[in-house]
Amino acid sequence: MNAPGIKEPTEAIARARAGDAEAWGQLYREHAPAIFRFCRRALPMREDAEDATMEIFMKLKDKLVQYDTTRSFSAWLYKVAANHCWDMLRRRKIRQDKETGDLENVPLEHPDPSQLDQLIEQRTSEEVRKALDKLGGRARMALVMRYYSDMSYDEIADALGVRRAFVGVVLLRARHELRQALEGNAALAAGGAS
Amino acid sequence: MSEGQKENRKHLDEMTVLLYIERQLDRARGLEVSAHTQECDACRTLLRALERESRLLTRAMLEEDEPLPSRLAQFQERARKSMQWIWGMVFGLAATGVYAFYTEYIELWQQQLEQAGFGGTNLLGLLIYQGTMWKGWQSMMTLLEVLAMVTLAGLGAMFFRRRIRRGSALALVFAGFCTVLAMPTGTSATEMRHEERLTIAKDEVIHSDLYAAGGRIRVEGTVEGDLVVAGGDIEISGHVLGDVLSTSGNLRVIGKVDGSVRSYAGNLLVKGTVGRNVMIAGGDVNIDRDAKIGGSLTSFAGHESIDGHVGRDILAMGGQVTITGDIQGSAKIRSGELIIDSTARIGGPIDFKSDNPPQVSPEAKLASPVHYEKLKHRDDYRTVHYYIWQVIWAAAYILFGLVLFALMPKFSEDAVKAAERYGAAAGLGVLVGFGVPIAACIACVTVVGLFVGLATLSLWYGALYYGAVIIGAVIGQWLMGRTSELWPLIGRMTVGLVILRLCTIIPHVGPWVKYGAAFWGIGAISLVVYRRLQPMIAPSMPATPYSPPMPPNTTVGGPLPA
């Protein structure tokens with residue numbers, strides 16, 4: 001897993017681990033935009049995302065020695081970023097979604113497929129990003145980890161501290177929340193236009 | 001239909017379909033789902049909808065809708081380390097400047113004021129905060145403390161910005177200041193009155209502080225606390241046991257004030273007794289023959305006549321000062337004219353700075369002859385002292401700019417860009433530069449508006465300096481090219497400010513450059529503020545939407561796992 005358009009910077013990683021500031025700068029330049037976008041999607045405030053990006057890279061400098069070079073650097077980087085963002089959200093107690101216990105009882109609804117298809121078809125990326133802002137911390141984190149950084153269910157379970165079996169439920173619930181938010185946006189837009 | 005076909009017709013739940021497209025089902029279950037969706041229209045539609053939703057989510061997240069913020073673009077550990085010594089140097093320089101300024105001017109001035117009878121308090125408290133509303137401050141405030149507090153507030157905001165919202169940090173600092181300002185001062189009971197014609201009758205006693213506002217105010221009774229009063233025409237013929245703080249068209253103090261009088265008035269007459277000090281700013285100030293001021297008199301007035309008794313020293317600045325009364329202490333006067341009449345008695349030394357020599361009656365009883373010093377209207381370019389001060393001022397500007405650019409990088413960058421819209425920035429600069437202080441002074445006429453007016457004036461004053469910093473950055477960009485990154489912009493600001501300061505010391509032209517830059521800059525700041533107050537319009541999507549490549553292993557339907 002790489003950030004889009006970025007090759008594995010094996011040599012730079014090795015040099016950065018040896019304390020080469022130039023190599024560290026290269027790693028930062030190559031990965032900071034992707035990590036900032038990850039944080040921007042995962043955290044509700046832009047300033048949070050900026051701070052988180054800086055903190056992640058500060059943390060990374062210490063953690064770089066722990067990185068297993070046989071694995072994808074981007075994947076590892078996203079894991080660090082995900083853990084950091086989730087920690088931030090937890091610290092600020094802005095998780096508003098339900099806990100794991102409730103997830104077990106989530107009803108597996110069968111939405112009207114044609115209505116769902118219509119709802120999705122009419123939405124733009126911009127609207128989705130706005131709707132994401134309205135989601136609870138866990139729903140948002142789950143979607144970002146899955147659809148931005150392409151993390152596996154195991155990695156998501158690990159980052160969110162839920163059992164692997166519930167990751168699907170978390171993602172499904174997040175999608176439901178997103179649809180509600182999208183419908184809310186549409187209703188608002190219609191209200192504003194009238 | 002066979003039993004198996006019926007079973008096949010049972011619709012798949014959404015969870016199963018989602019896990020299928022996410023490749024999370026085992027092979028056998030995946031094949032079942034695949035077969036089902038081949039035959040069932042509803043489930044196939046659901047599958048397509050979920051796939052489309054996945055694609056939409058991925059596209060929405062991967063789209064580069066905003067660039068990397070400049071502070072992140074700058075952020076590299078090496079750069080951070082290299083900046084540490086710059087911060088250290090700048091703060092060191094600033095501390096040196098502040099210390100030099102304090103020892104060179106403030107301390108001397110303070111000593112002079114103490115000699116003039118203002119001992120026991122400090123300069124800032126004396127000049128500004130000694131009024132009734134600022135008692136909590138008066139024992140603790142010195143100019144250095146203010147500077148230290150402002151610096152701490154700035155550093156605090158920078159520190160907390162990493163932990164809480166940027167706006168919240170500023171709000172916290174501001175709220176802290178407001179809380180300190182609003183802290184009660186012991187005898188905190190207060191009575192508020194607001195009437196067009198307000199009279200505190202002769203036999204009436206106010207057992208607390210009194211805040212009064214109105215067109216015509218008469219205080220004939222007794223106020224046991226402080227009197228804070230704003231109005232068109234005010235007369236105090238009763239007894240105020242505390243201090244008087246007033247802003248008015250006309251103020252007459254005929255009765256007795258046990259504390260001090262601080263006043264801004266078009267015309268001021270003191271005919272009664274003031275137990276402590278009088279500090280006044282106004283057009284015409286008349287200390288009547290019957291007046292008795294126990295402490296000192298500090299005045300800034302167009303015309304000033306001192307005919308009564310002043311127990312300690314006087315400090316007077318204005319157009320014309322006439323002394324016919326009795327001053328027990330010394331006199332420091334800087335005015336267009338000074339007339340000391342035959343009936344005058346002055347017990348201490350008299351320092352007078354003016355373009356014109358004083359007119360002193362030979363019959364006047366003076367402890368010593370008037371020490372007259374003709375004013376110099378030109379800076380002394382030949383002394384080293386002058387150039388040291390220019391360096392200190394330049395360093396202070398750079399420090400100020402550095403702090404503001406670091407605290408508000410985006411705002412500063414926008415202001416620099418706005419300043420390059422020369423016509424709009426200069427035009428708005430003239431409008432705001434002249435309009436805001438006038439509006440603030442008008443606001444000061446009312447009690448409520450007094451705080452708003454003073455706050456606005458403070459902001460306006462700070463914005464003048466910030467404006468010069470912005471123009472420094474513009475000049476720097478002219479010379480070194482444009483940049484949108486923070487530290488290069490600060491570098492350009494530093495270069496530009498040095499050039500700007502050099503221009504301001506050119507005789508005759510310098511002041512025009514100085515105020516021109518400040519007004520131009522304030523116009524640019526106003527433009528940015530104006531834009532930020534406008535409602536945001538959602539950015540339109542680009543004509544050709546960006547289609548990012550799907551990240552590897554993002555599974556949207558497709559073949560089943562092997």
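The values are calculated or read from the model by the stated rules, or taken from the named source; none is laboratory data. No experiment lies behind these values; they were computed from the predicted model shown. Glycine gets a Cβ as well: all are built from the backbone with ideal geometry, and neighbour counts include every protein chain shown.
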*asked:* Looking only at region B:495-516, filter to residues that are in contact with a Gly (Cβ under 7 Å, 6 or more places away or on another chain) and crowded, with 21+ Cβ neighbours inside 10 Å; which one of those is farthest from B:GLN390 (Cα to Cα)?
replied: B:GLY496
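Being among the small types (Gly, Ala, Ser) and in a strand (DSSP E or B) is the filter; apply it to region B:243-273 and report the residue that is farthest from B:LEU210 (Cα to Cα).
Residue satisfying both the conditions and the ranking: B:GLY266.
Residue by residue, here is whether (1) touching an Asp or Glu at 6+ places or on another chain (Cβ under 8 Å); (2) over 30 Å from B:LEU68 (Cα atoms); (3) surrounded by 13 or more Cβ atoms within 10 Å (Cβ to Cβ) holds:
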| residue | (1), (2), (3) |
| --- | --- |
| B:ALA364 | yes, yes, yes |
| B:ALA367 | no, yes, yes |
| B:ILE398 | no, no, yes |
| B:ALA406 | no, no, yes |
| B:PHE411 | no, no, yes |
| B:GLY433 | no, yes, yes |
| B:ALA440 | no, yes, yes |
| B:ALA443 | no, yes, yes |
*For region A:42-91, how many residues are within 9 Å of chain B (Cβ to nearest Cβ) and not in a loop (DSSP other than H, G, I, E, B)?*
12
_Residue identified as within 10 Å of another protein chain (Cβ to nearest Cβ), farther than 26 Å from B:GLU66 by Cβ and modelled with pLDDT under 80 among A:ALA3, A:ALA21_ = A:ALA21
*If you check B:ALA463 against the conditions, is it among the aliphatic types (A, V, I, L, M), modelled with pLDDT of 85 or more, surrounded by 18 or more Cβ atoms within 10 Å (Cβ to Cβ) and within 30 Å of B:ALA265 (Cβ to Cβ)?*
yes
*Limited to region A:142-156, what total is found for residues that are under 18 Å from A:ARG71 (Cβ atoms), part of a helix (DSSP H, G or I) and either touching a strand residue (DSSP E or B) at 6+ places or on another chain (Cβ under 7 Å) or more than 8 Å from chain B (Cβ to nearest Cβ) (or both)?*
4
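Please report, ordered by residue number, the strands (runs of 3 or more DSSP E) entirely within region B:314-389 with at least 2 residues that are of a type in the set (A, V, I, L, M) and modelled with pLDDT of 85 or more.
It comes to B:314-323, B:331-340.
Say we look at region A:159-173 and pick out the residues that are in a helix (DSSP H, G or I) and in contact (Cβ under 8 Å) with a residue 60 or more places away in the chain; which of these is nearest to A:SER74 (Cα to Cα)?
By that ranking, first place goes to A:ALA159.
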*With A:LEU143, A:LEU116 as the choices, which residue is closer than 17 Å to A:TYR78 by Cα and hydrophobic (A, V, I, L, M, F, W, C)?*
A:LEU143
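Could you list, in sequence order, the residues of region B:14-47 that are part of a helix (DSSP H, G or I), touching a residue at least 24 places away in the same chain (Cβ under 8 Å) and either at the interface with chain A (Cβ under 10 Å from one of its Cβ atoms) or within 60 Å of the chain's Cα centre (by Cα) (or both)?
The first filter runs over region B:14-47 and keeps only residues part of a helix (DSSP H, G or I), leaving B:14-21, B:27-39, B:41-47.
Filter once more, so that each one left must be touching a residue at least 24 places away in the same chain (Cβ under 8 Å): B:14, B:17-18, B:20-21, B:27, B:30-31, B:34-37, B:39, B:42-43, B:46-47.
Selection gives B:GLU14, B:VAL17, B:LEU18, B:ILE21, B:ALA42, B:CYS43, B:LEU46, B:LEU47.
Does B:ALA60 satisfy the condition of being within 7 Å of another protein chain (Cβ to nearest Cβ) and either surrounded by 19 or more Cβ atoms within 10 Å (Cβ to Cβ) or part of a helix (DSSP H, G or I) (or both)? First the steps, then the outcome.
Numbers: within 7 Å of another protein chain (Cβ to nearest Cβ): yes; either surrounded by 19 or more Cβ atoms within 10 Å (Cβ to Cβ) or part of a helix (DSSP H, G or I) (or both): yes.
Criteria met by B:ALA60.
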